[in-house]
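Below is one structure, written out as structure tokens; the observations come after it.
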Amino acid sequence: RALSARAAVDDGADILLMDDGFQNPGLEKSLSILAIDGGYGFGNGLVMPAGPLREQLASGLARADAAVIIGEDVAGSRTAIGGRCPIFEARILPLPDEEIAGKRVFAFAGIGRPEKFYRTLLDIGCTLAGTRDFADHHRYTPDEIIRLCDDALSLEAIPVTTEKDLVRLPAEAWQMGRALDISLEWAEENAVDILLRQVLGEVTGNG
């Protein structure tokens, strides 16, 4: 992380945005945001391997500048946070794509909760001819891609995956299927401005 950050700065970057780096000590962070799946929350509240957390909730919240609950908070995340940091709300929206919406698709994903991706496809009118789950952060091999495309072809369906998975496919496979583009819609229109205000204030000296 530190080497890639230095390379980005040397190449002229002014802002570094790091995903999945809350516990990574390699960079001094100006702003740390917890992104929480509203449907899953903090799971059973235990640290790996007994649960999904990478550290105790109390210590994590003590370092967080804010939390964003994505989707309906059905897992009680707001209660678990208990006012220990500012909380924002957002939801994931699929972007219009006539080549996917309403079509018969074969969906595959290597993310934490693939069922969310499949549910989104159903929400835009797709027919799920089949699905295939992989481990989170899975790196696909050429043989796996061939099998996935063969499965889609046998089902007369379009192979579809997530944007996160697309970048982990071999480059030559990018044209074999499609990725569902999504965006994040904030409940508060100025949520991003509020989140960044403290960082910009520190930089400009405006408090």
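Brief remarks follow.
- Among the residues making up the range 65-85, those that are buried (at least 16 other Cβ atoms within 10 Å of the Cβ), closer than 14 Å to Gly45 by Cα and not basic (Lys, Arg) are Ala75, Ser77, Ala80, Ile81.
- For the range 116-136, filtering for residues that are in a loop (DSSP other than H, G, I, E, B) and either closer than 24 Å to Arg147 by Cα or open to solvent by 60 Å² or more (accessible area, probe 1.4 Å) (or both) leaves 4.
- Single residue of Leu184, Leu155 found to be open to solvent by 30 Å² or more (accessible area, probe 1.4 Å) and either within 23 Å of Arg91 (Cβ to Cβ) or within 22 Å of the chain's Cα centre (by Cα) (or both): Leu184
- Within the range 96-110, restricting attention to residues that are over 15 Å from Lys164 (Cα atoms) and either free of Cβ contacts under 8 Å to residues at least 60 places away in the same chain or in contact with a Ser or Thr (Cβ under 7 Å, 6 or more places away or on another chain) (or both), the residue that is surrounded by the most Cβ atoms within 10 Å (Cβ to Cβ) is Val105.
- Val160 being β-branched (Val, Ile, Thr) and surrounded by fewer than 12 Cβ atoms within 10 Å (Cβ to Cβ): no
- Single residue of Arg1, Arg6 found to be in contact (Cβ under 8 Å) with a residue 12 or more places away in the chain, farther than 30 Å from Asp73 by Cβ and open to solvent by 100 Å² or more (accessible area, probe 1.4 Å): Arg1
- Where a residue in the range 70-87 is free of Cβ contacts under 8 Å to residues at least 12 places away in the same chain and its partner, wherever it lies, is of a type in the set (Val, Ile, Thr) and open to solvent by 30 Å² or more (accessible area, probe 1.4 Å), with Cβ under 7 Å and at least six apart: Arg78/Ile87
- In the range 47-69, the residues that are without any contact (Cβ under 8 Å) to a residue 24 or more places away in the chain and within 17 Å of the chain's Cα centre (by Cα): Pro52, Leu53
The values are calculated or read from the model by the stated rules, or taken from the named source; none is laboratory data. The structure presented is a predicted model; accordingly, all values stated were derived computationally and were not measured. Neighbour counts are summed over all protein chains in view; Cβ atoms, including those assigned to glycine, are modelled from backbone coordinates with ideal geometry. For the accessible areas, the whole protein counts, side chains as well, though only heavy atoms, and no ligand, DNA or RNA atoms are used. Shrake-Rupley method; radii C 1.70, N 1.55, O 1.52, S 1.80 Å.
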